[in-house]
Amino acid sequence: MIQDVLIVGAGFGGMYGVYKFRGMGLSVKAVEAGSDVGGTWYWNRYPGARCDVPSLEYSFGFSEELEQAWEWPEVFSAQPDILDYANHVAERFDLRQHIQFNTRVTSITWRDGDQVWELGTDTGETLRGRFVVMATGCLSVPNKPNLPGAARFKGQVLHTGLWPHEEVSLEGKRVGVIGTGSSGVQAIPELAKQAGHLTVFQRTPVYTVPANRKRMREAVQQEFKDNYREIREMQWRNAGGVSGFRPLKSAPSRANQPDVGPAASGVTGIPGGDSGGGLRIKAMTPEQREQVVEAGGLGMILAFRDIYSDIEANDIANELFRSQIRKIVKNPEVSEKLLPKDYGIGCKRQVLDRDYYDTFNRNNVSLVDLRETPLDTITETGVQVGSDHHELDVLIYATGFDAMTGALVRANITGRDGVTLRDKWADGPVAFMGLQMRGFPNLFTVTGPGSPSVLCNMLVAIEQHVNWIADCVAWMRENEKATIEPLEQSEIDWVAHVNEVAEGTMYTVPSCNSWYLGANIEGKPRIFMPYVGGLPRYREHTDGQAENNYPGFEVLG
Ligand code: N01
């Protein structure tokens, strides 16, 4: 059977794709490597895993019924609650009947004669479809660095991005964790509570600020539910897809953080996702800056508007940040090691934590600075760093992902004339609006490179993409068109535009090495991959293409 649409992945993108295409009366099948839905939230089950966007915003907007039915227990949700939500969506809309689980797609090949895509799978089955939608996620291929001696280690080895489904007991054990990005920073305080001793192997220190940790108040949740239509509109108009809606009617919050709204959502993982406080750090005296932090907490440093575009302002903010951490971490030697010094706030994805710095005041936690002394080798019983051997029972890699392009390249996609995506992207991703690549007709990417994706509330970015792809497929069917792919010039112009808008931001200053730039993967070309121009500006381009019958694409009948 030839499916109208084959979808790879059953995270939020794949799930919404199934809902959407089925609703158009098309035959649709999603293929998922895991045993159930949820994507990121299915795989990343490590202790402390949480979302860095408020739950009321990090939710689907396509169904009012769903919006009204679901209750979020916390302002920023923990992984089990988001996975419950994914399961609820799958059940409510009866999506699982269209999803083939426990099946990994191993190849995707265009058959020009039949104008269909053929998907090879690790079950040996071959699936055929007219359109393919890659809903493979931006952070779905775990990066496990090739550390010397790694295979020798006889203890338990875990990766935060592939955490086991069964319970992991760390009680009384000597646990080591490599990596201090979002995953490491979230996991470390929880691991420290469970382990006998925790050794943190840090290569690059992080700027992290406390997350809003409030329980959801019923009045706030209700006010969101009462205003969801307006809130979704506000999300579409916001650069980062976060509405910034602030409940007015509900009783004011007593704690120092609001439940949601500008100040709270200013502290999300998405810089520029909100209007921030409008303060400019350069215009203030040192005393005034201190007062801002004292009154609003460490996260207020992120609300200074000028720090993302002015290197001097950024330097002031970085120093202010460091001065605050020195106050929290009691051992000055440890504290100095925890301070980022060679890059600025806003270069990497903002990290949010719960008690990260305080964790280093515990006596069962030690910090190993791999910049001071690099890791020599993993041994059978631990990690050798210079003359110190750290004995471990469990070694946890919190070493991130081959982001944005990893899952697409590894899917072994071969387009027209035998051209592979791996070859096409050898020097970095080339795509039109992060939605399609020339040479790969009728194949679409959800939140692909060159789209707002990871710089946006992912649920909003996913809905926007799936809606656009569905409209495109509907238009093709109405107009009896067989194939669509971008013009070569459209790709060239788009990549130039993506680079142009990223220039002059903190993301691309030479001192910045982030996974946005592919800098975390050896040999990966250094290209800024997401679109930093903001969702509204991006939508002008995607809507413009759809409204004008896809002038940037080659459409064949
Ligand atoms: O990965 P990362 P992550 N030796 O790449 C270190 C999302 N996310 O999984 O910087 C020693 O940020 C590496 O060190 P360095 C979020 O978008 C969201 O933490 O390369 N260390 C770094 O410290 C996030 O940005 C949430 O020097 C090595 C760490 O490993 C993205 O996922 C939660 C090493 C990797 O940090 C990725 O976060 C979790 C080596 N050979 C994740 N190789 C939310 O809050 C790497 N490292 C929603």
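Scanning the stretch 19-61 for residues that are at pLDDT 95 or above, in a loop (DSSP other than H, G, I, E, B), within 16 Å of the ligand (Cβ to nearest atom) and hydroxyl-bearing (Ser, Thr, Tyr) gives TYR46, TYR58, SER59. What about ALA187, is it more than 16 Å from the ligand (Cβ to nearest atom) and either of a type in the set (Gly, Ala, Ser) or part of a loop (DSSP other than H, G, I, E, B) (or both)? For ALA187, the condition - more than 16 Å from the ligand (Cβ to nearest atom) and either of a type in the set (Gly, Ala, Ser) or part of a loop (DSSP other than H, G, I, E, B) (or both) - is not met. Within the bounds of the stretch 487-509, is there any residue that is open to solvent by 60 Å² or more (accessible area, probe 1.4 Å), part of a helix (DSSP H, G or I) and hydrophobic (A, V, I, L, M, F, W, C)? Yes.
So which of GLU167, GLU233, GLU223 ends up being in a loop (DSSP other than H, G, I, E, B) and either within 16 Å of the ligand (Cβ to nearest atom) or surrounded by fewer than 22 Cβ atoms within 10 Å (Cβ to Cβ) (or both)? Result: GLU167 is the single residue among GLU167, GLU233, GLU223 that is in a loop (DSSP other than H, G, I, E, B) and either within 16 Å of the ligand (Cβ to nearest atom) or surrounded by fewer than 22 Cβ atoms within 10 Å (Cβ to Cβ) (or both). Of the residues making up the stretch 426-452, those that are among the small types (Gly, Ala, Ser) and within 22 Å of the chain's Cα centre (by Cα) are GLY428, ALA431, GLY434, GLY448, GLY450, SER451. Taken over the stretch 171-184, the residue count meeting the criterion of being in a helix (DSSP H, G or I) and more than 13 Å from the ligand (Cβ to nearest atom) is 0. Consider the stretch 391-425. How many of its residues are closer than 25 Å to ASP122 by Cβ, under 22 Å from the mean Cα position of the chain (by Cα) and either in the same structural domain as PHE201 (by TED's automatic domain parsing) or in contact (Cβ under 8 Å) with a residue 40 or more places away in the chain (or both)? Final tally of qualifying residues: 13.
The values are calculated or read from the model by the stated rules, or taken from the named source; none is laboratory data. Treat the numbers as computed from the prediction; the structure is a model and nothing was measured. Note: ideal-geometry Cβ built from the backbone for every residue, glycine included; neighbour counts use all protein chains shown. Keep in mind that these areas ignore ligands, DNA and RNA; they rest on the heavy atoms of the full protein, side chains included. Shrake-Rupley method; radii C 1.70, N 1.55, O 1.52, S 1.80 Å.
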